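Structure first, commentary second.
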Amino acid sequence: MPPARLPALALLALALAACGGGKAPDAASPADPAAAQQGPRQLNIYNWSDYVAEDTIARFEKETGIKVVYDVYDSNEMLEAKLLAGSSGYDVVFPSARPFAQRHILANLYLPLDRAKLPGWGNLDPAVLAALEDVDPGNRHLVPYMWGTTGIGYNVAKVRERLGADFPIDSWNLIFDPAVAAKLGDCGIAVLDDEQEGFGAALIYLGRDPNGVGGGEIEAAAELFGKVRPFIRYFHSSKYIDDLANGEICVAMGYNGDVLQARDRASEAANGVEVAYVIPKEGALRWIDSAAIPTDAPHAANALVFLEFLLRPDVIAPISDYVSYASANLAAKPLVDESVRNDPGIYPAPEVLARLVDPKKLPENESRARVRAWTSIKSGS
Ligand code: SPD
């Protein structure tokens, strides 16, 4: 289980102390391979689970001779806890933009990027860079990596069996309508253990602003979850991938690419399980994950070599193919497999894109209250 999120002000204070009273750090040190070779030939990466291709790290190690230590997490809170504890030892991390990377940048937790060492920067999609401008003014600290949506993954046969062939599978009602969830409870409903995603989905289903504050949002979402809590098997942010693929659960609130990885795993296993992903008609949260170099990274030069590696279309396109997420690299799109480019679960149609909402950094007291309420929601108390 991820550690509880600390109040942002407490985080900020810790971060400022760790960074020498909030003094802005210098730009990352030189990153050309020759310079990188002068320091320890190591790189410590902390990334989301299931977020690179099978050969990505081995390929980097072979090309550069830099040895990678690769650890994974499945929630922004886990990453944040490591960063704020200080001396994490990590050189490259992958925070989601809002509110995580946003408050990390405010707390000087990331080095400004030396763009001279990132000639592949021009491959990035200007629209994604523009979308990050409010989080990272001037795009100084974050290299956008992948973006996606949080919707519903489901086992087609099991859900159809229980709801009938004509029941439209296009709504958050699969999770939030007690009458529907009651019919699916026996085959397993999973929900992300993520307060932002949980509140976001519930408020969107209720027709409310997921970023709303002061209008009884917390109570409304808690009441909604209270009605369906008996039908939710578990809250977890990565277990659902294998469980969907193996037919152990039949509905999951999940990240689009993770659900599509479950679909691919089932199909590779030829186990007769068909998994599908839907962005609910009521709307969904859109998120952007970026790569960043922590201020106290022990191998900042090697980190820049890795970021430049990720900016290469021939590197990021196969990652996109494998993880089923849309990358922020526009130049790579023609290299991405046609089945991925044409998958509406990865590149949604314009009318679906219009229903997506970016999460916002909420006021500190609201954020704290949501975290507290999320604990109660999960325990069913
Ligand atoms: N397996 C990779 C999942 C990446 C999800 N990142 C987005 C989180 C937004 N809350």
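Structure data summary
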quantity	calculated
Residues of segment 337-381 classified as touching a strand residue (DSSP E or B) at 6+ places or on another chain (Cβ under 7 Å), of a type in the set (Lys, Arg) and without any contact (Cβ under 8 Å) to a residue 60 or more places away in the chain, total	0
From the options TYR154, TYR145, residue that is among the aromatic types (Phe, Trp, Tyr), more than 14 Å from the ligand (Cβ to nearest atom), at pLDDT 95 or above and open to solvent by less than 50 Å² (accessible area, probe 1.4 Å)	TYR154
Some residue of segment 314-325 being assigned to a strand (DSSP E or B) and of a type in the set (Val, Ile, Thr)	no
Yes/no for LYS333 being open to solvent by 60 Å² or more (accessible area, probe 1.4 Å) and in contact (Cβ under 8 Å) with a residue 60 or more places away in the chain	no
Only listed residue being away from the ligand (no atom under 16 Å from the Cβ) and either surrounded by 20 or more Cβ atoms within 10 Å (Cβ to Cβ) or not in a helix (DSSP H, G or I) (or both), chosen from TYR234, TYR240	TYR234
Condition check for ILE175: surrounded by 24 or more Cβ atoms within 10 Å (Cβ to Cβ) and outside any helix (DSSP H, G or I)	no
Residue satisfying condition, being surrounded by fewer than 24 Cβ atoms within 10 Å (Cβ to Cβ) and in contact with a Ser or Thr (Cβ under 6 Å, 6 or more places away or on another chain), within set GLU223, GLU197, GLU161, GLU217	GLU197
Qualifying residue in segment 115-135 (condition: more than 16 Å from the ligand (Cβ to nearest atom), buried (at least 21 other Cβ atoms within 10 Å of the Cβ) and part of a loop (DSSP other than H, G, I, E, B))	no
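The values are calculated or read from the model by the stated rules, or taken from the named source; none is laboratory data. All figures in this text were calculated on a predicted structure; none of them were measured in a lab. Cβ sites come from the backbone with ideal geometry, for glycine too, and all protein chains shown count toward neighbours. All accessible areas refer to the heavy atoms of the entire protein, side chains included, with ligands and DNA or RNA removed. Shrake-Rupley method; radii C 1.70, N 1.55, O 1.52, S 1.80 Å.
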